Amino acid sequence: MELFEKTLASKEIFDGSVIRLTVDEVELENGRSASREVVGHPGGVCIAALTEDDELLFVRQFRYPYKEVVLELPAGKLEKGQSPLENGRRELREETGAVGASYISLGKLYPSPGYCAEIIHLYFCRVAKFENTQPDEDEFLKVERIPLDRAVEMVLNNMIPDAKTQTAVLKTAMLRRLKKL
């Protein structure tokens with residue numbers, strides 16, 4: 001059993017500034033064909049930035065698809081020509097004003113592998129210093145500092161529904177507990 005699906009044809013339905021939607025015809029392992037709807041995305045990055053007081057930097061911002069303000073770690077879409085780490089450093093500084101040091105990869109996250117090709121790269125860093133924020137002109141957010149232990153409680157009590165934030169908070173807490181950070 002190879003667990004592989006071969007792409008036979010791909011039809012572009014939409015190509016926007018952030019996502020691309022295709023409907024693909026695939027050949028299954030048993031020789032039959034099936035249809036797959038795929039949302040293409042350039043990928044993203046998320047940073048768990050810890051201050052010297054063991055506080056994580058968060059941002060609150062309105063997320064249009066949910067029609068609500070969401071609490072999340074600093075994050076953003078990958079820009080062409082930059083590595084995920086370079087994108088993460090930029091997003092952290094733009095959104096929170098923080099400059100990080102000692103970046104460590106926390107791995108990558110597939111937010112919804114059934115239909116979306118997005119990969120989110122997760123990083124941890126220590127906050128070295130603060131500068132001015134530089135959010136995008138269409139980005140409005142509020143920066144908050146939350147103690148790491150409180151952030152874990154918030155994840156466990158369903159107060160933080162964002163998947164990338166949940167994962168990065170819990171990985172950071174576990175690595176701190178194991179004394180690897």
Test: residue 96 is surrounded by 15 or more Cβ atoms within 10 Å (Cβ to Cβ), among the polar types (S, T, N, Q) and not assigned by TED's automatic domain parsing to the domain that holds residue 150: no
Segment 154-181: number of residues that are out of contact with any Cys (no Cβ under 6 Å at 6 or more places or on another chain) and surrounded by 15 or more Cβ atoms within 10 Å (Cβ to Cβ): 16
Residue in segment 105-143 that is surrounded by the fewest Cβ atoms within 10 Å (Cβ to Cβ), counting only those that are among the β-branched types (Val, Ile, Thr) and under 16 Å from the mean Cα position of the chain (by Cα): 119
Filter result (surrounded by fewer than 10 Cβ atoms within 10 Å (Cβ to Cβ) and in the same structural domain as residue 145 (by TED's automatic domain parsing)) within segment 5-56: 52, 53
Verdict on residue 181 being modelled with pLDDT under 95, farther than 30 Å from residue 22 by Cα, touching a strand residue (DSSP E or B) at 6+ places or on another chain (Cβ under 8 Å) and of a type in the set (A, V, I, L, M): yes
Number of positions in segment 74-127 that are aromatic (Phe, Trp, Tyr) and without any contact (Cβ under 8 Å) to a residue 60 or more places away in the chain: 2
Sole residue being basic (Lys, Arg) and either modelled with pLDDT under 95 or under 24 Å from residue 176 (Cβ atoms) (or both), chosen from 89, 36: 89
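The values are calculated or read from the model by the stated rules, or taken from the named source; none is laboratory data. Computed from a predicted model, the values in this text were never measured in an experiment. So basically every Cβ, Gly included, is an ideal-geometry build from the backbone, and we count neighbours across all protein chains shown.
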